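First comes the structure, then the notes that go with it.
The values are calculated or read from the model by the stated rules, or taken from the named source; none is laboratory data. Note that the structure is predicted; figures quoted are calculated from it, not measured. Cβ coordinates were reconstructed from backbone atoms using ideal geometry, including for glycine residues, and neighbour counts include every protein chain displayed. Ligands, DNA and RNA are stripped out before the accessible areas are found, and what is left, the full protein with its side chains, is counted by its heavy atoms. Shrake-Rupley method; radii C 1.70, N 1.55, O 1.52, S 1.80 Å.
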Amino acid sequence: MFKLLKIEGRARRGQFSCAHGGVVQTPVFMNVGTQAAIKGGVSAFDLREVNCQIELSNTYHLHLRPGDGLIRQMGGLHKFMGWDGPILTDSGGFQVFSLAPLRRIKEEGVYFSSHVDGRKIFMGPEESMQIQSNLGSDIAMAFDECVENPATYEYAKASCERTLRWLERCKREHERLNALPGTINSGQLLFGINQGATFEDLRIWHMEQIAKLDCDGYAIGGLAVGEPTQVMYSIIDAVEPHMPREKPRYLMGVGTPSNIIEAVARGVDFFDCVMPSRNGRHGKLFTWEGTVNILNAKYATDGRPISESCGCPVCKRFSRSYLRHLFKAEETLALRLAVLHNLYFYNELTAKIREALDEGHFQEFRVEYSEKLANRV
RNA sequence: GGGGGAAUUCCAGAGCGGUCAAAUGGGGCAGACUGUAAAUCUGUUGUCACUGACUUCGGUGGUUCGAAUCCACCUUCCCCCA
């Protein structure tokens, strides 16, 4: 399942096998396709083009539309979206945070008012597991509560205790579903999620508890939700020693290129983030020299590619001038090209991190790029 | 030929005597975005010696303490009737 190949400091180079699509090389960035599509007009065959190893979709969103029953009927998520590589499904726990005005949390689970049509939806650990089973993803995430920052100690404590109880229920239900004859998701793995807001003692206590449940991997959730970056790093520093060494670690929803390098340096293996796709749609393009805001007037007659050092299909062919024109003219091609470039960059970023680890010079890599990538070009 | 209407800051378009450097859109310029309610949101957009001053609302000349707003003429455009 997970094999550690090499360790440099706390940084880990590994391999992870999934039911679909073979082996994932880690550290890895998972490309986010919430509704079984990468926003900006990027499809499953484009994901191959940008060297995506593993795709991420969302339980809550696919349950609402088109419905997980429908996807199961259509042969499962892989077939439905035309992606034969590994898929991780997020549990809906993030929607407990992002759709806060539309939900009520109870011990049994969360009552949502659908943001699509207002209808009442209940999602608890069992429901989330059932939906992810129907979707047939390779990795299911436990149903958790992503707590907003800042949170009070009392709230964070009560919440992560409840998230622990939810994980116990997730585990039980996941095992039950996996054992059902004719299940679509045979071999589906389950990752537990660490919570505890910005309180180190809660984080550590929670991590120790969930580690006992012997999940297939462990995620750190509830970070990059408003706290300063240094706080995020210190939480990872505090939690990481308590994470099972031989299991993959996943830092959910993170982050900027330098966040990823810094988290790898702290022992994280998996990442996902909306940033390459969302910022791409908004004209912010990532390069090895820093970020390019392609909307800026200075690029109007710039005949260079987004980045001279990028080998992506967009940079091979199109100029900054053309990209900027497409954005200004509101051509949807602008979004597509920008997202393709950014995903290629993120996938290349983790590829370079792996290469540096393989060759034993990750620390040099980290020093060279952690700062540089935060520049503006 | 006769009658009527309109000209506003990059564009469209409010304003109809002081609270107007002038609403609102659009465009321009810049910023934000971290398990996606986001092709979204925010700021800014006359000039400068910028908590103040100066020049602007087709042109010229008036009325008034005060005019984008009222009057006269001029210029241009639009509509209707011949």
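If the chain linking A:Arg65 and A:Ala37 were pulled fully straight, counting 0.36 nm for each residue of separation and taking away their Cα-Cα distance, it would gain 8.8 nm.
Each label was represented as a point 7 Å from its Cα along the Cα-to-Cβ direction; for A:Ala211 and A:Thr183 these points are 2.7 nm apart.
Scoring A:147-156, A:116-125 by mean Cβ neighbours within 10 Å over their residues and listing the highest first yields A:147-156, A:116-125. Computed over the stretch A:213-354, the alpha-carbon pair-distance distribution with 5 angstrom bins reads 2, 10, 19, 19, 15, 12, 10, 8, 4, 2, 1, 0, each value a whole percent. The amide H of A:Asn194, built 1.01 Å from its N in the peptide plane, has A:Ala219, A:Ile220, A:Gly221 as neighbours under 5 Å, considering only residues 5 or more places off or on other chains.
For chain A, the relative contact order works out to 18 percent when only alpha carbon pairs closer than 8 Å and six or more residues apart are counted. Helix A:125-135 and the longest principal axis of the Cα set of chain A meet at an angle near 50°.
In µm²/s, what is D for the stretch A:293-349 at 10 °C and 1.306 mPa s, where D = kT/(6 pi eta Rh) by Stokes-Einstein and Rh is the Kirkwood radius from Cα pairs? Intermediate results must be reported in sequence, preceding the final value.
Numbers: Rh = 11.2 Å.
Estimated diffusion coefficient is 142 µm²/s.
Basic side chains Lys and Arg get +1 at the Cβ, acidic Asp and Glu get -1 at the Cβ, and with that the dipole of chain A about its Cα centre reaches some 860 debye.
Counting Cα-Cα pairs of the stretch A:151-226 in 10 Å increments starting at 0 gives whole-percent bin shares of 19, 45, 25, 10, 1.
Can you tell me the FRET efficiency between A:Arg172 and A:Ala300 if r is taken as the Cβ-Cβ distance and R0 is 56 Å, rounded to the nearest 0.05? E(calc), rounded to 0.05, equals 0.40. In chain A, Rg over Rh equals 0.96, where Rg is the alpha-carbon radius of gyration and Rh the Kirkwood radius from pairwise Cα distances.
Show me the ranking of peptides A:76-86, A:292-302 by mean Cβ neighbours inside 10 Å, starting with the highest.
On the way: A:76-86: 19.8, A:292-302: 15.6.
Final packing ranking: A:76-86, A:292-302.
Ranked by the mean number of other Cβ atoms within 10 Å per residue, highest first, peptides A:6-14, A:176-184 order as A:6-14, A:176-184. Placing dummy labels 7 Å off each Cα toward the beta-carbon, the span from A:Glu371 to A:Glu49 is 3.7 nm. Spacing of the modelled spin labels on A:Glu330 and A:Asn293, each 7 Å from Cα toward Cβ, amounts to 2.1 nm.
Surface composition of chain A: carbon plus sulfur atoms contribute 51% of the solvent-accessible area (1.4 Å probe, protein chains only, all chains present). Over the stretch A:252-338, Cα pairs under 8 Å with separation of 6+ residues give a relative contact order of 23 percent. Looking at the stretch A:316-377, the accessible area is 53 square angstrom per residue; that uses a 1.4 Å probe and ignores ligands, DNA and RNA.
Couplings 3J(HN,Hα) for the stretch A:86-98, derived from phi with the Karplus relation 6.51 cos²θ - 1.76 cosθ + 1.60 (θ = phi - 60°), are x, 10, 10, 10, 7, 7, x, x, 5, 5, 4, 7, 6 Hz, where x marks Gly and Pro.
Over the stretch A:96-239, what is the relative contact order in whole percent, taking alpha-carbon pairs under 8 Å and six or more residues apart? Could the numbers behind the result be given before it?
Working: 234 pairs, mean separation 32.1, N = 144.
Reported relative contact order: 22 percent.
Between the stretch A:112-156 and the stretch A:301-377, the C-alpha centres lie 33 angstrom from each other.
For the pairs A:Lys298/A:Lys328; A:Lys6/A:Lys352; A:Lys352/A:Lys372; A:Lys106/A:Lys212; A:Lys3/A:Lys79, note any where the Cα-Cα span goes beyond 18 Å. Result: A:Lys106/A:Lys212; A:Lys3/A:Lys79 exceed 18 Å.
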